[in-house]
Structures are given as C-alpha cells and as structure tokens.
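These notes are about the structure you will find just below.
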Amino acid sequence: MPGKSGRSLQSRRSPVLGNPDDIVDDYLPHNGNLGYRVSRYDLVLQYKVSANRLAGVATITATTNVHLSRLQLDLATAMTVSRVTVNGERLRYTHRRGKLAVTLSAPVPPGGALRIVVRYAGNPCPIRSQWGEVGWEELTAGSLCANQPNGAPSWFPCDDHPISKASYRIAVTTDSPFYVVANGVRTEKVTKATQTTWVFEQTEPMTTYLASIQIGRYESVSLATKPVPVELVAPRSLRTAARERFAPQVEMLTVFTELFGPYPFPRYTAVVTEDPLEIPLEAQGFSTFGANHCDSTSDAERLVAHELAHQWFGNSVTLSRWSDIWLHEGFACYAEWLWSERSGGQRADDWARHYYAKLAAMKPQRVLVDPGPDQLFDDWVYKRGALTLHALRLRIGDDSFFALLRHWTDKYRYSSVSTEDFTAQAAEHSSVSLADLWQSWLHTAALPPFPLAGATGTRLY
C-alpha cells in the first residue's frame, strides 16, 4: 500500500530515495529524516543535576544517499542550538517544531561524507506525545531517559527512527557523587575536582530510541561474569532488596541463550532507581526499574524476563516500521511465558489460554500487523503477539520453533526487520503451509479459535 510519499511500505524499510521532507513512517510522521544515513554519534555531554542543565556537542558521521542540498535532524525545541558545522563549515540553520534544518553551501552528491557538529544546551524535559511524556526525565536525585518511541530528540540531535542504527560514543560529565550508566561498555572514568566524566562505547549498531543515560546515587554489584557480565546498579538503601529480586535474571540469561541464541551484547545491567516507575524501561544493554519493583509483592520477575528478552527481540533485531511492534512486544511477552515454563511455574500453554480468554472478552481491534498509533503499546498487541507465536509453536513443534528463533536472531543480528521477513523465515522451518495461520493471527482483526497442536514434538512442560 503506498504511503503518503507515494512509495510502498516495503520500500520505506530502506528509505534511500526522496527528499528530506518525505515521511519515513506513517505512525511517527514528524520523526526520522531522509537523504542521508548516520553511521556514528559522538555525544559529549555536561549535566548539572541540581539545575537540570544539559550542554552538549554532538558529532554525527553520515553518508548521503541522494543529491543533498538540505538536511534535517530531530531535536526538541527545549534545547537551544548555538552552532552547526557540516564538514568543518559553519552554516545557517533553523530550529522549529522539533526539526533542526541546515542548508548546505553546496550540494553533496550521493555517497558523500557528512560530519555534522551541533553545539546545544538547555533544560531537557520529556516530549509530549500521544503515548504520554517520553524522553529525558528528572528524578528526585538524578535523571533517566525513557525514549520509546520518539523521546531521543529530547536530549540529542538525531535521525529518530528505528531503521537508523549507528554506533555511539557517549561521554557524560556530571557531579561526582552521581553514578552514570549509558549504553555499551564503559571505557573511561576520570574525576577532576567535583566533576566526573564517564565514557561509554556502544560498538554494536543501536537505534535512537534505545540510546539512554541513567544518573543517580547508585552503587554497582556484580551478579555474574558468564556467559556475559551481569550487573546490578541501585541505591545503597535498595541494594539488598534489589539483589534478591533481580537474582533470577542470571538464570534467565542462561535459559534465553539456550532458546534464542547467544546474548547479543557485551554485558547486561539492571538499573533500579530511587523513585517508583510505572513500567520498566528498555535500553540497549540494560533495563531500568523503579524502587517499587523491589517490593516482594510486585511481579518483578515477569518484568525482568520481559526486559531481558528485548535485548534479542527489539534491541538487536529491530523493527523497520512501528506498525510491526508485535515483533518486539509479542516476542518479549512470550519470553515471559517461556521463563515461567522453564522455571517451574505455569506452562506457556496455560498462560496462552489465560490471556486468550481475556482477549476473547474484548471487542475485535485492528489487525496485529497494523494496530494503529493509538494502540501501539496496548496490552492487546503484546498478548495477541505472544499468542501468535504460541500458535506457530503448536503448528511446527518445539524443535522447529526454537530453531527458527535462533535462526532469526542470528540472521538479523543488529539489523532492521519486518513481519514479512519473519513469515518468510518461518516457512523455512515448517513442513506445512503457514498461510492460514498468518491470515488468522496477523491479518484478521477477529480473534481466531485457540490454536491446537498440529505437529509432533511440541513439549508443553
């Protein structure tokens, strides 16, 4: 189906044609930019916690894919830009309605290199969206970033769409009592007087909504060193409770590595803030939870499994368009059921029947592959996505199903994907046609009958 720019949805998976004003994704028509492809962000940030004051220099390395005379970046207007250079030349710019637009002094041909340097400062705050407030948020003592889906421009200039993946260097200088967590591996920590600079290298490609910084009065505890280092970062007052509540993630990592393939990043960290959080926050290489998730009455174990699974499904293998959100949330939700199954709790089949009954009591909504922006993070998408995977598992059997998941995470490691990619790969792992399954679960709004086992070898523990 043609988009507003006249190009098909499939072609927009790799938006290399068109002018900078074309729409990258109909769900977020004001985010993302065409005409170039970013390969690297180098962010040098200074943050004053008490004043919530951020000053930054962003150096963006990109390559043009059209004859480019004008480029745009996404940046919230709460940030004030003081200087922009492209390839060493200082240029005029405009900064309105969340777009930083720069006119080049001479057009750059396709394949040309861009080195964009933006100097900016301001008091970062969340971006208001139809999904609530997203982006940079102050805490009682510190701050966090909750970017999904369009909050990254609240704190750095970027090409804000999940198809735009790049490597990152993030250097944060802040008051010395505070501990900083950011994406990737910490390569440097230098204290001078009352300020400490923390430097992180994120080598594996990362999309903008997964870029994150967490700042607080934290301490770090190692939970495991294999198969990768697992770390807990929490306030001293919560360290004991957090360690008890988050200890299962070490075994989760072992189980998910068996089921989904090798963990895709060098380390994994759980951050627990001093403040309560309504929901956990995912970022590449770490997840953030609130103090309330340390409560023994919370369902933290389910949420820990969900956020950990996103490292495979969402962070390494990332959707190309937001309408395919089930490729993230359905998979992470099903991982909750798998962990329950493998850790002695309810079987995945029991959870599937439980949530099927809940969905059956609802009015039919839009099809799973196009839930609409308003339902982007609706629980219906999460649970129907998980039920779709359960139906597939019952159809093709455990051996083929888990081989498919491992093949999926391996083939598309650090890449952007679509539902069509998944259904095509599933066909390689099935001896029977899956067309009716996809039609019923992905492309029909009405809930199909509960799936029955159609293959031998399905082990519902």
(request) Considering only residues that are without any contact (Cβ under 8 Å) to a residue 24 or more places away in the chain and either in a helix (DSSP H, G or I) or in the same structural domain as Pro205 (by TED's automatic domain parsing) (or both), look in segment 422-439 and name the one that is surrounded by the most Cβ atoms within 10 Å (Cβ to Cβ). (result) Trp438
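How many residues does segment 37-89 contain that are in a strand (DSSP E or B) and closer than 27 Å to Asp175 by Cβ?
Restricting attention to segment 37-89, the residues satisfying the condition of being in a strand (DSSP E or B) are 37-48, 53-64, 68-74, 79-86, 89.
Then drop every residue that is not closer than 27 Å to Asp175 by Cβ, which leaves 41-48, 53-59, 79-83.
So the count comes out to 20.
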(message) On the basis of being under 30 Å from Ser176 (Cβ atoms) and crowded, with 20+ Cβ neighbours inside 10 Å, does Val108 make the cut?
(response) no
(message) Among the residues of segment 410-421, are any touching a residue at least 12 places away in the same chain (Cβ under 8 Å), buried (at least 18 other Cβ atoms within 10 Å of the Cβ), touching a strand residue (DSSP E or B) at 6+ places or on another chain (Cβ under 7 Å) and small (Gly, Ala, Ser)?
(response) yes
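For segment 120-235, list the strands (runs of 3 or more DSSP E) that sit wholly inside it and hold at least 2 residues that are under 19 Å from the mean Cα position of the chain (by Cα) and over 18 Å from Ala55 (Cα atoms); which are they?
On the way: elements: 127-129, 132-139, 142-146, 165-175, 179-182, 185-192, 195-207, 213-216, 219-224, 230-234.
By residue number, 127-129, 132-139, 165-175, 195-207.
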(message) With the structure loaded, tell me whether Val49 is buried (at least 17 other Cβ atoms within 10 Å of the Cβ), at pLDDT below 95 and closer than 27 Å to Pro126 by Cα or whether it fails that test.
(response) no
(message) Please count how many residues of segment 174-200 are buried (at least 20 other Cβ atoms within 10 Å of the Cβ) and over 19 Å from Glu219 (Cβ atoms).
(response) 2
(request) Mind counting the residues in segment 303-329 that are out of contact with any His (no Cβ under 7 Å at 6 or more places or on another chain), of a type outside the set (Ser, Thr, Tyr) and either without any contact (Cβ under 8 Å) to a residue 40 or more places away in the chain or farther than 16 Å from Leu259 by Cα (or both)? (result) 11
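Residues checked against (1) out of contact with any Lys or Arg (no Cβ under 7 Å at 6 or more places or on another chain); (2) farther than 25 Å from Leu34 by Cβ; (3) not assigned by TED's automatic domain parsing to the domain that holds Leu75:
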{"position": "Pro157", "(1), (2), (3)": "yes, no, no"}
{"position": "Ile170", "(1), (2), (3)": "yes, yes, no"}
{"position": "Thr174", "(1), (2), (3)": "yes, yes, no"}
{"position": "Thr225", "(1), (2), (3)": "yes, yes, yes"}
{"position": "Leu232", "(1), (2), (3)": "no, yes, yes"}
{"position": "Ser237", "(1), (2), (3)": "yes, yes, yes"}
(message) Among the residues of segment 268-282, are any of a type outside the set (Asp, Glu), closer than 26 Å to Leu387 by Cβ and buried (at least 18 other Cβ atoms within 10 Å of the Cβ)?
(response) yes
(request) Name every residue in segment 128-147 that is crowded, with 23+ Cβ neighbours inside 10 Å and under 22 Å from Ile23 (Cα atoms), in order of residue number. (result) Gly135, Asn147
(message) Within segment 90-103, take every residue that is assigned to a loop (DSSP other than H, G, I, E, B) and in contact (Cβ under 8 Å) with a residue 60 or more places away in the chain and give me the one that is surrounded by the most Cβ atoms within 10 Å (Cβ to Cβ).
(response) Gly98
(request) Say whether the condition of being without any contact (Cβ under 8 Å) to a residue 40 or more places away in the chain and under 27 Å from Pro248 (Cβ atoms) is met by at least one residue in segment 368-380. (result) yes
(message) Any residue in segment 67-86 that is under 21 Å from Pro29 (Cα atoms) and in contact (Cβ under 8 Å) with a residue 12 or more places away in the chain sitting within a Cβ distance under 7 Å of a residue that is surrounded by fewer than 21 Cβ atoms within 10 Å (Cβ to Cβ) and of a type in the set (S, T, N, Q)? List the pairs, counting only those 6 or more apart or interchain.
(response) Arg70/Thr103; Ala78/Asn123
(request) Please find, among Lys226, Lys165, the residue that is free of Cβ contacts under 8 Å to residues at least 12 places away in the same chain and closer than 27 Å to Gly261 by Cβ. (result) Lys226
(message) Among the residues of segment 338-348, are any buried (at least 21 other Cβ atoms within 10 Å of the Cβ), farther than 22 Å from Asp436 by Cβ, touching a Cys at 6+ places or on another chain (Cβ under 6 Å) and not β-branched (Val, Ile, Thr)?
(response) no
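The values are calculated or read from the model by the stated rules, or taken from the named source; none is laboratory data. A quick note: this is a predicted structure, and the numbers were derived from the prediction, not measured. Heads up, the Cβs are rebuilt from the backbone with ideal geometry, glycines too, and the neighbour counts pull from every protein chain shown.
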